[in-house]
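Trainee: Below is the structure I would like to discuss, written out as C-alpha coordinates.
The values are calculated or read from the model by the stated rules, or taken from the named source; none is laboratory data. Values in this document were obtained by computation on a predicted structure and should not be read as measured data. FYI the Cβ positions are ideal-geometry reconstructions off the backbone, even for glycines, and counts take in every protein chain you see. Accessible surface is based on the protein model in full, side chains and every heavy atom, while ligands, DNA and RNA are left aside. Shrake-Rupley method; radii C 1.70, N 1.55, O 1.52, S 1.80 Å.
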Amino acid sequence: MRLLAVIGVLAIVVAVGAAIFFFGGFYNVAATEAEPGPVAWAMIKTRIASVDRHATDSPPAAFDDAAVRAGARAYSARGCANCHGAPGVEWAKFSEGLRPDPPDLKEIVNNREPRHLFWVVKNGIKMTGMPSFGAIGVADQEIWSIVAFLKKLPSVSEADFKAWQEAPAGAPPPAAR
(Lines give C-alpha, C1' and ligand atoms only; values in the text may rest on other atoms or scores of the structure.)
Protein backbone atom coordinates (compact mmCIF):
# COMPACT_ATOMS: atom_id res chain seq x y z
CA MET A 1 0.00 0.00 0.00
CA ARG A 2 2.86 2.33 0.84
CA LEU A 3 4.44 1.68 -2.59
CA LEU A 4 1.23 2.74 -4.32
CA ALA A 5 1.17 5.95 -2.29
CA VAL A 6 4.77 6.73 -3.30
CA ILE A 7 3.96 6.05 -6.98
CA GLY A 8 0.91 8.31 -6.73
CA VAL A 9 2.90 11.13 -5.14
CA LEU A 10 5.64 10.78 -7.79
CA ALA A 11 3.04 10.90 -10.56
CA ILE A 12 1.56 14.09 -9.09
CA VAL A 13 5.02 15.68 -8.74
CA VAL A 14 5.90 14.81 -12.35
CA ALA A 15 2.55 16.16 -13.62
CA VAL A 16 2.97 19.42 -11.68
CA GLY A 17 6.58 19.74 -12.88
CA ALA A 18 5.54 19.17 -16.51
CA ALA A 19 2.74 21.72 -16.18
CA ILE A 20 5.14 24.30 -14.75
CA PHE A 21 7.69 23.55 -17.50
CA PHE A 22 5.25 23.85 -20.40
CA PHE A 23 2.69 26.38 -19.15
CA GLY A 24 5.31 28.46 -17.35
CA GLY A 25 7.03 29.28 -20.64
CA PHE A 26 10.21 27.31 -19.96
CA TYR A 27 9.73 25.15 -23.09
CA ASN A 28 11.25 27.11 -26.00
CA VAL A 29 8.89 27.17 -28.99
CA ALA A 30 11.34 29.03 -31.27
CA ALA A 31 11.83 27.45 -34.69
CA THR A 32 15.56 28.03 -34.24
CA GLU A 33 15.66 25.39 -31.52
CA ALA A 34 15.36 21.68 -32.28
CA GLU A 35 12.73 19.78 -30.34
CA PRO A 36 14.08 17.61 -27.54
CA GLY A 37 14.19 13.94 -28.54
CA PRO A 38 11.17 12.86 -26.47
CA VAL A 39 9.06 15.77 -27.77
CA ALA A 40 10.00 15.03 -31.41
CA TRP A 41 9.26 11.34 -30.88
CA ALA A 42 5.87 12.09 -29.30
CA MET A 43 4.93 14.52 -32.10
CA ILE A 44 5.80 11.99 -34.80
CA LYS A 45 3.95 9.14 -33.11
CA THR A 46 0.92 11.34 -32.45
CA ARG A 47 0.85 12.58 -36.07
CA ILE A 48 1.14 9.09 -37.55
CA ALA A 49 -1.57 7.66 -35.28
CA SER A 50 -3.91 10.60 -35.89
CA VAL A 51 -3.55 10.51 -39.67
CA ASP A 52 -4.08 6.75 -39.73
CA ARG A 53 -7.22 7.02 -37.59
CA HIS A 54 -8.80 9.91 -39.51
CA ALA A 55 -7.76 9.06 -43.08
CA THR A 56 -10.74 7.01 -44.24
CA ASP A 57 -11.31 8.19 -47.83
CA SER A 58 -10.44 5.85 -50.68
CA PRO A 59 -9.13 7.00 -54.05
CA PRO A 60 -11.99 7.58 -56.51
CA ALA A 61 -10.32 5.47 -59.22
CA ALA A 62 -6.99 4.17 -60.39
CA PHE A 63 -4.34 6.83 -60.84
CA ASP A 64 -3.98 7.17 -64.60
CA ASP A 65 -1.54 9.35 -66.55
CA ALA A 66 -4.06 12.19 -66.83
CA ALA A 67 -4.48 12.31 -63.03
CA VAL A 68 -0.71 12.24 -62.50
CA ARG A 69 -0.19 15.10 -64.96
CA ALA A 70 -3.02 17.13 -63.44
CA GLY A 71 -1.49 16.47 -60.04
CA ALA A 72 1.90 17.73 -61.22
CA ARG A 73 0.25 20.95 -62.42
CA ALA A 74 -1.63 21.37 -59.13
CA TYR A 75 1.49 20.53 -57.08
CA SER A 76 3.35 23.26 -58.92
CA ALA A 77 0.53 25.82 -58.95
CA ARG A 78 -0.32 25.34 -55.25
CA GLY A 79 3.30 25.96 -54.23
CA CYS A 80 4.02 22.49 -52.87
CA ALA A 81 7.51 22.54 -54.40
CA ASN A 82 8.39 25.57 -52.26
CA CYS A 83 8.53 23.40 -49.14
CA HIS A 84 8.91 19.86 -50.49
CA GLY A 85 10.92 20.38 -53.67
CA ALA A 86 10.24 18.64 -56.98
CA PRO A 87 12.28 17.12 -59.79
CA GLY A 88 14.58 19.93 -60.92
CA VAL A 89 13.06 22.39 -58.43
CA GLU A 90 14.93 23.37 -55.28
CA TRP A 91 13.08 24.04 -52.06
CA ALA A 92 12.46 27.72 -51.33
CA LYS A 93 14.92 29.26 -48.88
CA PHE A 94 12.17 30.02 -46.33
CA SER A 95 11.41 26.31 -45.95
CA GLU A 96 14.76 25.89 -44.20
CA GLY A 97 13.26 27.78 -41.25
CA LEU A 98 10.25 25.49 -40.82
CA ARG A 99 10.26 23.17 -37.82
CA PRO A 100 9.81 20.36 -38.08
CA ASP A 101 11.49 20.27 -41.48
CA PRO A 102 9.12 19.59 -44.38
CA PRO A 103 9.67 16.01 -45.54
CA ASP A 104 11.28 15.20 -48.87
CA LEU A 105 8.18 13.59 -50.33
CA LYS A 106 9.98 11.44 -52.89
CA GLU A 107 11.60 9.66 -49.94
CA ILE A 108 8.41 8.98 -47.94
CA VAL A 109 5.49 8.58 -50.35
CA ASN A 110 6.14 4.88 -50.95
CA ASN A 111 5.61 4.33 -47.21
CA ARG A 112 2.28 6.16 -47.17
CA GLU A 113 -1.11 4.99 -48.37
CA PRO A 114 -3.04 7.25 -50.77
CA ARG A 115 -5.68 7.82 -48.06
CA HIS A 116 -2.99 9.19 -45.72
CA LEU A 117 -1.60 11.54 -48.36
CA PHE A 118 -5.09 12.75 -49.28
CA TRP A 119 -5.99 13.45 -45.66
CA VAL A 120 -2.78 15.40 -45.00
CA VAL A 121 -3.12 17.55 -48.13
CA LYS A 122 -6.81 18.18 -47.47
CA ASN A 123 -6.57 18.85 -43.72
CA GLY A 124 -2.99 19.99 -43.13
CA ILE A 125 -1.07 19.25 -39.95
CA LYS A 126 -0.99 21.49 -36.91
CA MET A 127 2.34 22.95 -35.77
CA THR A 128 4.21 21.94 -38.95
CA GLY A 129 3.48 24.64 -41.51
CA MET A 130 1.51 22.16 -43.64
CA PRO A 131 -1.63 24.05 -44.67
CA SER A 132 -5.11 22.64 -45.19
CA PHE A 133 -5.92 22.84 -48.88
CA GLY A 134 -9.47 21.73 -48.12
CA ALA A 135 -9.92 24.80 -45.91
CA ILE A 136 -9.27 27.08 -48.87
CA GLY A 137 -11.75 25.27 -51.10
CA VAL A 138 -9.51 23.00 -53.14
CA ALA A 139 -11.77 20.30 -54.58
CA ASP A 140 -11.27 16.68 -53.55
CA GLN A 141 -10.70 15.74 -57.19
CA GLU A 142 -7.72 18.10 -57.38
CA ILE A 143 -6.34 16.80 -54.09
CA TRP A 144 -6.63 13.22 -55.39
CA SER A 145 -4.72 14.29 -58.52
CA ILE A 146 -1.94 15.63 -56.27
CA VAL A 147 -1.92 12.27 -54.49
CA ALA A 148 -1.65 10.51 -57.88
CA PHE A 149 1.37 12.67 -58.69
CA LEU A 150 2.92 12.07 -55.26
CA LYS A 151 2.67 8.30 -55.64
CA LYS A 152 4.54 8.63 -58.95
CA LEU A 153 7.00 11.27 -57.65
CA PRO A 154 9.99 9.01 -56.81
CA SER A 155 10.28 7.99 -60.47
CA VAL A 156 9.41 11.33 -62.13
CA SER A 157 12.21 12.88 -64.16
CA GLU A 158 12.97 16.58 -64.26
CA ALA A 159 11.94 16.69 -67.94
CA ASP A 160 8.61 14.99 -67.26
CA PHE A 161 7.81 17.28 -64.34
CA LYS A 162 8.59 20.34 -66.42
CA ALA A 163 6.38 19.11 -69.27
CA TRP A 164 3.54 18.12 -66.93
CA GLN A 165 3.49 21.55 -65.26
CA GLU A 166 2.29 23.08 -68.50
CA ALA A 167 -1.47 23.30 -68.60
CA PRO A 168 -3.10 21.66 -71.61
CA ALA A 169 -4.57 24.09 -74.13
CA GLY A 170 -7.81 25.60 -72.87
CA ALA A 171 -7.51 24.26 -69.34
CA PRO A 172 -7.88 26.78 -66.51
CA PRO A 173 -5.12 26.80 -63.88
CA PRO A 174 -5.94 24.89 -60.67
CA ALA A 175 -6.49 28.10 -58.70
CA ALA A 176 -9.32 29.12 -61.05
CA ARG A 177 -11.30 25.91 -60.63
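Trainee: Name the pairs whose Cβ atoms lie under 8 Å apart, with the first residue in region 25-54 and closer than 26 Å to Trp119 by Cβ, the second open to solvent by less than 90 Å² (accessible area, probe 1.4 Å) and part of a helix (DSSP H, G or I), and 6 or more positions between them or separate chains?
Mentor: Between residues of region 25-54 that are closer than 26 Å to Trp119 by Cβ and residues that are open to solvent by less than 90 Å² (accessible area, probe 1.4 Å) and part of a helix (DSSP H, G or I), the close pairs are Ala31/Gly97; Glu35/Met43; Val51/His116; Val51/Trp119; Val51/Val120; Asp52/His116; His54/Trp119; His54/Asn123.
Trainee: Which residue pairs have Cβ atoms closer than 8 Å, lie 6 or more positions apart in sequence or on different chains, and pair a first residue in region 55-70 that is within 19 Å of Leu153 (Cβ to Cβ) with a second residue that is open to solvent by 70 Å² or more (accessible area, probe 1.4 Å) and part of a loop (DSSP other than H, G, I, E, B)?
Mentor: Qualifying pairs under 8 Å: Ala55/Glu113.
Trainee: Output the number of the condition that His116 fails; it satisfies all remaining conditions of (1) touching a helix residue (DSSP H, G or I) at 6+ places or on another chain (Cβ under 6 Å); (2) over 18 Å from Thr46 (Cβ atoms); (3) outside any loop (DSSP other than H, G, I, E, B).
Mentor: All conditions are met except number (2).
Trainee: Kindly check whether there is at least one residue in region 45-53 that is touching a Lys or Arg at 6+ places or on another chain (Cβ under 6 Å), in a helix (DSSP H, G or I), of a type outside the set (Ser, Thr, Tyr) and closer than 21 Å to Asn111 by Cβ.
Mentor: For region 45-53, residues touching a Lys or Arg at 6+ places or on another chain (Cβ under 6 Å), in a helix (DSSP H, G or I), of a type outside the set (Ser, Thr, Tyr) and closer than 21 Å to Asn111 by Cβ: absent.
Trainee: For region 112-138, give me the residue count where each residue is open to solvent by 40 Å² or more (accessible area, probe 1.4 Å) and over 17 Å from Thr56 (Cα atoms).
Mentor: Final tally of qualifying residues: 8.
Trainee: May I ask you to list the residues in region 1-24 that are open to solvent by less than 60 Å² (accessible area, probe 1.4 Å) and either among the aromatic types (Phe, Trp, Tyr) or part of a loop (DSSP other than H, G, I, E, B) (or both)?
Mentor: Once the filter is applied, which keeps residues that are open to solvent by less than 60 Å² (accessible area, probe 1.4 Å) and either among the aromatic types (Phe, Trp, Tyr) or part of a loop (DSSP other than H, G, I, E, B) (or both), region 1-24 yields only Gly24.
Trainee: Shifting gears a bit: State which residue is farthest from Gln165 (Cα to Cα) when the search covers only region 35-94 and only residues that are of a type in the set (S, T, N, Q) and open to solvent by 50 Å² or more (accessible area, probe 1.4 Å).
Mentor: Here the answer is Thr46.
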